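Remarks on the structure that follows.
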Amino acid sequence: MTQNRLAKASSSYLRSGSHQPIDWYEFGEEAFQKAKESDRLILLDIGAVWCHWCHVIDRESYENDEIAQLINQYYVPVKVDRDQRPDIDARYQQIVASMTGQGGWPLTAFLTSDGRVLFGGTYFPPATMKKLLLQLKDVYQEQKETIMKDSLASASQKEIDAQLESTESEAQQPIPKDVFHRLLNTVDSAFDSEYGGFGMQPKFPHFSTLEFLIQQTFRTQNKELARVVEKSLTEMAKGGVYDQIGGGFHRYSVDRQWHVPHFEKMAYDNAEALQVYAQAYRLQPNPLYLDVIHGILHFTARVLSDQKMGGFYASQDADIDLTDDGDYFTWTLDEVKAVLTPEEAELVIAYYGLTPNGDMHGRQGRNVLHITKDIETVAKQIHQSVETVQQRLANAKHKMAAHRFTRTAPFVDQTQYLNWNGMYLVAYFETADLLDRPDVREFAQKTLDRLLETHVDQAKNCLLHTSGIPGLMEDYAWFIQALIKGYQSTENKGYLDAAQHWMQVAIDSFEDRSYGGFYDIATPTEDALALLKFRRKPTEDTPSSSANAVMIRNLIKLFLLTSETCYAEKAERALHMFGYEFSNRGVFVSALATALFEWMHPPVKLAVLGQDKNLNHASRTTFYPGKIVSYQPESSTSEVQICEGTRCLTPVTTVEALDSQLKALVSESLVSLS
């Protein structure tokens with residue numbers, strides 16, 4: 001079989017298109033030069049290896065000989081992996097969404113030779129695709145001069161210019177005094193009191209919002225906020241969006257009830273889920289949360305990480321092929337009965353609500369496992385003790401997991417992206433501390449040490465998003481936070497030094513020196529292609545925490561750790577830069593709200609002197625959202641001093657005294673929501 005130039009691509013997604021009868025280019029100078037020389041439009045396809053509808057459009061259109069011939073004859077086709085190039089994806093998503101009202105994957109856009117969008121959308125059926133290909137090439141050939149000057153073709157530039165102008169004109173706006181009251185009102189209005197979470201359907205986890213609420217619950221002791229956290233995390237843990245057999249979260253739920261998911265599993269979702277459930281477990285101890293934590297760790301170790309060398313993989317696909325719709329993860333009654341004993345099958349059917357018809361649209365008989373009854377209810381229903389039911393359920397899940405491993409598993413993209421590895425490292429270090437798991441810390445440290453070798457370009461003094469691709473601001477933000485967490489969890493001062501080094505590089509490369517905040521990409525060069533000429537300041541959680549929020553929290557942490565005022569000044573300026581966001585974006589700026597709260601109400605800092613193992617261990621493992629721990633092992637005195645803002649308490653020398661001071665401090669430092 002003849003392969004196109006994508007056969008040499010580093011991206012798994014791009015290589016998956018190498019057999020297609022289309023003369024694909026990667027996004028780069030060669031493609032844009034070809035479009036100019038041949039006087040053609042560019043057909044831009046942005047997708048991902050985990051994306052179901054990307055596979056559908058590949059099969060229906062890009063593997064269709066007739067459509068391929070039209071594309072090759074009249075267009076310069078360019079394929080982009082959105083995970084590998086989030087900078088390209090973000091810009092074209094923004095423009096297409098502004099034109100059509102929606103974005104997503106696959107993103108299909110028709111561009112002029114300088115990269116501006118003429119027309120765009122998401123998935124197009126083959127008949128529509130063929131029609132568009134014919135119509136747009138005619139329109140372009142007949143109205144070329146008009147198109148190149150037309151406002152529609154220029155919308156990309158105008159849209160980004162308008163966004164930047166708006167951001168700069170509203171810079172340094174005062175932050176409302178009742179900002180947290182306003183934000184919590186928007187969270188409350190979005191909260192689904194019946195099924196938990198925020199919004200209706202499709203339903204995303206919004207882990208950054210839950211982290212913000214955990215912080216608020218801890219610092220205010222507000223029972224209503226605690227209820228929102230508990231309801232949301234419990235319903236997600238019981239739902240089909242959480243893999244009840246293999247562990248880990250799927251990307252989102254197609255329904256309000258968290259029942260039927262889109263089955264792909266992403267590194268960023270599971271990283272943030274792990275951190276939030278670990279925090280929630282310490283805030284509100286719940287065995288279900290602990291089960292989820294263990295499940296995510298098990299899934300990550302088995303599927304989404306390189307246990308030998310260190311590092312976290314990007315994603316697991318939803319499907320095997322187009323005839324499949326999550327079949328690896330779902331079950332028929334006959335499959336359950338074939339794997340389990342009659343008693344075990346009876347329990348599983350009752351506990352997970354399995355039915356003969358199943359609950360998968362278009363997949364008759366296939367069930368998504370979701371907890372429909374508590375253990376006590378099921379025990380009464382089948383006339384067994386709770387202990388018997390618990391043991392029988394554990395045995396059944398073990399057998400079902402073993403059987404599922406015999407199935408052909410969906411593809412795992414083993415690319416190690418720095419931003420998502422940073423997220424996982426933050427979660428692993430925090431989980432290691434909060435749950436006292438040295439094994440989790442050990443793997444995190446192995447990974448961090450590996451990334452310091454594989455994702456650093458020493459010659460250029462820059463970080464890499466992945467091999468050969470320069471790091472974006474998001475990569476720096478998450479990696480710096482991972483280094484800070486690594487220092488606090490392992491006491492390795494080298495990690496703190498590295499965090500400061502890369503923060504300075506990030507400031508030099510991404511900070512807006514005029515207004516504050518950070519751009520998503522470094523200053524474009526004169527030969528930057530298409531929309532990469534323009535820079536953005538991401539503030540929304542989409543869906544993972546905003547990179548600007550992460551960077552601001554890093555600045556706050558580094559200030560508290562080093563007392564270098566430049567960090568504090570940059571954090572404050574950035575927060576005022578984004579002050580207007582808090583009134584406009586609701587739950588989508590939760591990570592920014594967390595950063596603002598940490599600035600206005602600094603978390604505790606535990607200054608650990610000496611090398612008393614018990615004091616060091618207690619300082620690491622105590623729960624206080626946003627807590628900072630610093631170490632001075634060279635001190636001849638072993639003690640811990642707790643500071644909050646400018647107030648410091650009397651140093652303590654025992655674990656009991658430390659615990660007593662922290663409990664008293666929590667009570668004294670309660671924050672009012674009014």
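The values are calculated or read from the model by the stated rules, or taken from the named source; none is laboratory data. Values in this document were obtained by computation on a predicted structure and should not be read as measured data. Glycine gets a Cβ as well: all are built from the backbone with ideal geometry, and neighbour counts include every protein chain shown. Quick note on the areas: whole protein, heavy atoms, side chains included, nothing else; ligands and nucleic acids left out. Shrake-Rupley method; radii C 1.70, N 1.55, O 1.52, S 1.80 Å.
Only residues that are hydroxyl-bearing (S, T, Y) and open to solvent by 10 Å² or more (accessible area, probe 1.4 Å) were counted across region 443-457, and they come to 1. Of all residues in region 91-106, none that is farther than 15 Å from F27 by Cβ has its Cβ atom under 6 Å from the Cβ atom of a residue that is open to solvent by 60 Å² or more (accessible area, probe 1.4 Å) and assigned to a loop (DSSP other than H, G, I, E, B), 6 or more apart or on another chain.
Each row is one residue, and each column tells you yes or no for (1) at pLDDT below 95; (2) buried (at least 24 other Cβ atoms within 10 Å of the Cβ); (3) among the aliphatic types (A, V, I, L, M); (4) at positive phi.
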| position | (1), (2), (3), (4) |
| --- | --- |
| S38 | no, no, no, no |
| L43 | no, yes, yes, no |
| E63 | no, no, no, no |
| E66 | no, no, no, no |
| N72 | no, no, no, no |
| K79 | no, yes, no, no |
| D83 | no, yes, no, no |
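To keep it simple, each residue is scored yes or no on (1) open to solvent by 60 Å² or more (accessible area, probe 1.4 Å); (2) outside any helix (DSSP H, G or I); (3) β-branched (V, I, T).
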position: A595; (1), (2), (3): no, no, no
position: P602; (1), (2), (3): no, yes, no
position: A607; (1), (2), (3): no, yes, no
position: P625; (1), (2), (3): no, yes, no
position: S635; (1), (2), (3): no, yes, no
position: A664; (1), (2), (3): no, no, no
position: V671; (1), (2), (3): no, yes, yes
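Considering the conditions (1) in contact with a helix residue (DSSP H, G or I) (Cβ under 8 Å, 6 or more places away or on another chain); (2) in a helix (DSSP H, G or I); (3) modelled with pLDDT of 95 or more; (4) over 30 Å from S619 (Cβ atoms), A394 is excluded by exactly one of them, (1).
Screening region 291-346 for residues that are modelled with pLDDT under 95 and among the hydrophobic types (A, V, I, L, M, F, W, C) and picking the one that is farthest from the chain's Cα centre (by Cα) gives L322. With the condition kept exactly as written, say whether any residue in region 484-499 is open to solvent by 10 Å² or more (accessible area, probe 1.4 Å), farther than 19 Å from R535 by Cβ, out of contact with any Cys (no Cβ under 9 Å at 6 or more places or on another chain) and of a type in the set (F, W, Y). The answer is no; no qualifying residue exists. Of the residues screened, A278 is one that is surrounded by 22 or more Cβ atoms within 10 Å (Cβ to Cβ) and within 30 Å of H181 (Cα to Cα).
The single condition from (1) under 26 Å from the mean Cα position of the chain (by Cα); (2) within 25 Å of D114 (Cα to Cα) that A31 fails is (1). Residue count for region 523-550 under the criterion of being buried (at least 18 other Cβ atoms within 10 Å of the Cβ), of a type in the set (A, V, I, L, M) and closer than 16 Å to D87 by Cβ: the result is 3. Residues of region 503-518 that are open to solvent by 10 Å² or more (accessible area, probe 1.4 Å) and either without any contact (Cβ under 8 Å) to a residue 24 or more places away in the chain or part of a helix (DSSP H, G or I) (or both): Q504, V505, D508, S509, R513.
The residues in region 458-483 that are without any contact (Cβ under 8 Å) to a residue 40 or more places away in the chain and either open to solvent by 50 Å² or more (accessible area, probe 1.4 Å) or touching a strand residue (DSSP E or B) at 6+ places or on another chain (Cβ under 6 Å) (or both) can be counted, and the count is 3. For region 459-495, filtering for residues that are in a loop (DSSP other than H, G, I, E, B) and either farther than 13 Å from G422 by Cβ or of a type in the set (V, I, T) (or both) leaves 7. With respect to (1) outside any helix (DSSP H, G or I); (2) under 24 Å from C51 (Cα atoms), the lone exception for A301 is condition (1).
Within region 51-73, one or more residues are within 20 Å of L136 (Cβ to Cβ) and touching a strand residue (DSSP E or B) at 6+ places or on another chain (Cβ under 7 Å). For L555, the requirement of being farther than 22 Å from Q504 by Cβ, surrounded by 24 or more Cβ atoms within 10 Å (Cβ to Cβ) and in contact with a helix residue (DSSP H, G or I) (Cβ under 6 Å, 6 or more places away or on another chain) is not met.
Cβ-Cβ contacts under 8 Å between residues 6 or more apart (or on different chains), taken from a first residue in region 575-599 that is over 22 Å from L558 (Cα atoms) to a second residue that is open to solvent by 10 Å² or more (accessible area, probe 1.4 Å) and among the basic types (K, R), are listed as F582/R182; S583/R182. Only one entry of A401, A409, A427 meets the criterion of being part of a helix (DSSP H, G or I) and over 30 Å from L472 (Cα atoms), and that entry is A401. Residues in region 215-237 that are outside any helix (DSSP H, G or I) and surrounded by fewer than 18 Cβ atoms within 10 Å (Cβ to Cβ): 1 in all. Give the residue that is least open to solvent (accessible area, probe 1.4 Å), with candidates limited to residues of region 347-372 that are among the charged types (D, E, K, R) and modelled with pLDDT under 95. By that ranking, first place goes to D359.
What are the residues in region 609-623 that are of a type in the set (A, V, I, L, M, F, W, C) and surrounded by fewer than 19 Cβ atoms within 10 Å (Cβ to Cβ), if any?
As a first pass, look at region 609-623 and keep what is of a type in the set (A, V, I, L, M, F, W, C): 609, 615, 618, 623.
Correct list: F623 only.
On the stretch given as region 219-255, residues that are more than 22 Å from the chain's Cα centre (by Cα) and either without any contact (Cβ under 8 Å) to a residue 24 or more places away in the chain or closer than 15 Å to Q284 by Cβ (or both) total 9.
Take the residues in region 205-214 that are of a type outside the set (A, V, I, L, M) and in a helix (DSSP H, G or I), then tell me which one is surrounded by the fewest Cβ atoms within 10 Å (Cβ to Cβ).
Restricting attention to region 205-214, the residues satisfying the condition of being of a type outside the set (A, V, I, L, M) are 205-209, 211-212.
Then drop every residue that is not in a helix (DSSP H, G or I), which leaves 207-209, 211-212.
Details: F207: 28, S208: 27, T209: 32, E211: 23, F212: 31.
For region 205-214, the residue satisfying everything is E211.
For beta carbons closer than 6 Å, sequence separation of 6+ or different chains, a first residue in region 342-354 that is charged (D, E, K, R) and a second that is open to solvent by 10 Å² or more (accessible area, probe 1.4 Å) and in a helix (DSSP H, G or I), the qualifying pairs are E344/R392. Within region 190-204, count every residue that is open to solvent by 30 Å² or more (accessible area, probe 1.4 Å) and among the acidic types (D, E). Going through region 190-204 one residue at a time, the tally reaches 1. Within region 210-233, the residues that satisfy the criterion of being under 20 Å from L288 (Cβ atoms) and basic (K, R) are K223, R227, K231.
Restricting attention to region 1-35, the residues that are surrounded by 14 or more Cβ atoms within 10 Å (Cβ to Cβ), touching a residue at least 60 places away in the same chain (Cβ under 8 Å) and not aliphatic (A, V, I, L, M) total 7.
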